[in-house]
Amino acid sequence: MNCGDCENALDDYVDGTLDERARSACDTHLTTCDRCRTLVADLGALRQAASSLEPLAPPADVWRKLSALVKAERDLRPFAWGFTWQTLAASVVTLVLVASLSWVGARLATVNEPRVQALSFGAELDQLDEHFSTTIAGLESIRQTEGVSLDTETAEVLQANITVIDGAITESRAALATEPDNQVAQESLFEALRSKVELLQDVIALINEMRKGNPEGAARIVSGSNQ
Amino acid sequence: MKVIHTTVVVALAISWSPSEAAAQAPAWVHELADELAASVEEHADRLAQFIEQRVAAQQAERQGRGPRGPEFTEPFSKTVRLDRNGTFDLQNVSGEVVITGGGGNDMRLEATKRVRHQNESEARALLSEIQIRVLERSGGIEVRTDYPRRRNWSGRVDFSVTLPRDANVTLRSVSGSLRVTNLNGELRAESVSGNIVTSATKRIRMTKTVSGDVEIAEAEGDELTAGSISGRIAIRGLKARAVDAQTVSGNLRLTDVDADRALMRSVSGAIEYAGRLSRSGRYQFQSHSGEVRITPADVRGFTLDATTFRGNVVSDYPMTLQGAPSNGRPPGPRTRAIRGSFGDGGAALSVQSFSGDIVIAKR
């Protein structure tokens, strides 16, 4: 058994579902291969970390939607640059978790929106909020369809910070739902919206530079929209 | 992997509950959903970090960047005449850039190309393919680095450049750090993930990163702009007419600052400003959830408009509050807003935080 065979069998090896002969072959290979042994240890640790999560029963259509997401991901990112199963697993987990958490946030924000607007929010404030939200939706759409061009590390930093800003937007809107005339809440909302627009503009500019195969330009463009 | 499936199921189970029901649910349901989302996010972060580290380590090893791939280097050097106040523009993808201002009319560039690979002949071939171009333009010099467009290799170029201290310098890097010392000319420095560190650099115009930190010590400038998305910005010993510092999640720390105008903004990062307040100066600080701490130096007086939605505003200075007589004591410890003046009321401080505390502290 070589490393490739071993990698293919590792899922079942770690889950304890390999047949006796295959398991024995894996064991033999692992005694001589540091890399595969490290991988097995990592997967064991990963399995242990994941086991601390509370179990939740998925709704019936979860796997259908997951399948669609995976397919969409596959369509967006071809396997040309040597995708391994570990990379795929990481991508799927990251994609789905980010998507679902954003979806939770967006859903709760949507729940709050009618209440915010029903109260004395102020026509100008409403218009400004709508303007920002439309701009953000457009930029988000571009980011999500084109974002595959960014390197993983940069994309994650940007995504994490978009989440931070989304949290600020949600908090500000919730505050305005209870105190519509509160100036701090109003200004916090617009600061957060402004920050998000700026960040998304930077992200899209970065994506454009990366797609041109011009990583130096990526550094230059980071400051472009703010100067 | 079943464990990964489990993780995905947890995230999806939260997000796929019917939205109509959520819209009608009582507040505790939303609170529970928030708690669940936070819990999943925490687990997801841990798992994602774990997976990323391992995948990156394996990829690095496959590409010869692991500990078993030895490093091969190739030196490069060039000296070119550069006017005292000429321009120097360097772009690099990976590797450290060190710029030092000095005397004379020359730009002296020393570079080291570095490649890690298990195969020496491959490494040597890659080193020869890394091209450093030093281009002499009218009144200036441009340095560009071309990397091989091959896969499965890793390398970088480190630069050490000495140039006339009055030269105007522009630096751009993707992952390498940028270090600048003893420069009187204007500096613009940008990096995606590398740090930017300057000292004794008088005219910093702009520094910006995505995830790298910015550290500026002993600087002067007319208008200084420093920005980062997740990196920390630390500026010490700055004398400038105006400073504008902004982050999303990184902390902002300005100490020993002398500026007529300051604008500091963050979303979740903390903001700290310690320095002199000019008599007609304008200082604006805004954070969503980070603490804002201002420690004025040589205080003659200021007006303060500080408000928070959920945090506290605390001032060590006895304020004459708007619409209320001064009692000679600092305002109470749990106050959502302070609007008033201290001393001659010269400088104007506007401070706002949604949920972070605001502290006006004495030294």
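The values are calculated or read from the model by the stated rules, or taken from the named source; none is laboratory data. Owing to the predicted nature of the structure, the values given are computational and were not obtained by experimental measurement. FYI the Cβ positions are ideal-geometry reconstructions off the backbone, even for glycines, and counts take in every protein chain you see.
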- Here, strands (runs of 3 or more DSSP E) confined to the stretch B:139-240 with at least 2 residues that are charged (D, E, K, R) and away from chain A (no Cβ under 13 Å) are B:178-191, B:196-209, B:214-228
- Task: Among what's in the stretch A:145-173 and is under 21 Å from B:Gly311 (Cβ atoms) and touching a helix residue (DSSP H, G or I) at 6+ places or on another chain (Cβ under 6 Å), pick the residue that is surrounded by the most Cβ atoms within 10 Å (Cβ to Cβ).
- Result: A:Ser172
- Query: Would you say B:Arg339 is assigned to a loop (DSSP other than H, G, I, E, B), closer than 21 Å to A:Glu179 by Cβ and at pLDDT 90 or above?
  - Reply: no
- Message: Can you tell me which residue is nearest to the other protein chains (Cβ to nearest Cβ) among those in the stretch B:260-277 that are over 17 Å from B:Val299 (Cβ atoms) and buried (at least 24 other Cβ atoms within 10 Å of the Cβ)?
- Response: B:Val267
- Which of the residues belonging to the stretch A:187-200 are surrounded by fewer than 21 Cβ atoms within 10 Å (Cβ to Cβ) and more than 7 Å from chain B (Cβ to nearest Cβ)? A:Phe190, A:Arg194, A:Val197, A:Glu198
- Item | Hey, B:Asp213 within 22 Å of B:Ala347 (Cβ to Cβ), without any contact (Cβ under 8 Å) to a residue 40 or more places away in the chain and surrounded by fewer than 22 Cβ atoms within 10 Å (Cβ to Cβ) or not | no
- Task: Output the qualifying pairs, or none if there are none: Cβ atoms under 9 angstrom, residues six or more apart or on different chains, first residue in the stretch B:300-320 and over 11 Å from B:Arg339 (Cα atoms) and facing chain A (nearest Cβ under 10 Å), second residue among the charged types (D, E, K, R) and not in a loop (DSSP other than H, G, I, E, B).
- Result: B:Phe309/A:Glu171; B:Arg310/A:Glu171
- When residues of the stretch B:264-281 are filtered for being touching a Phe, Trp or Tyr at 6+ places or on another chain (Cβ under 9 Å) and in contact (Cβ under 8 Å) with a residue 60 or more places away in the chain, how many remain? 2
- Task: For B:Arg133, indicate whether it is in a strand (DSSP E or B) and either more than 23 Å from the chain's Cα centre (by Cα) or surrounded by fewer than 20 Cβ atoms within 10 Å (Cβ to Cβ) (or both).
- Result: yes
- Condition check for B:Ile229: crowded, with 23+ Cβ neighbours inside 10 Å and modelled with pLDDT of 95 or more: no
- Of the conditions (1) under 21 Å from A:Ser141 (Cα atoms); (2) modelled with pLDDT of 80 or more, A:Val222 clears all except one; give me its number. (2)
- Task: Might you check whether a residue that is within 30 Å of A:Asp151 (Cβ to Cβ), in contact with a Ser or Thr (Cβ under 8 Å, 6 or more places away or on another chain) and among the polar types (S, T, N, Q) occurs anywhere in the stretch B:106-113?
- Result: yes
- Query: Looking at B:Arg188, B:Arg124, B:Arg144, B:Arg151, which is the one that is basic (Lys, Arg) and within 30 Å of B:Gly269 (Cα to Cα)?
  - Reply: B:Arg188
- Task: Give the residue that is farthest from A:Asp126 (Cα to Cα), with candidates limited to residues of the stretch A:150-181 that are polar (S, T, N, Q) and within 9 Å of chain B (Cβ to nearest Cβ).
- Result: A:Thr152
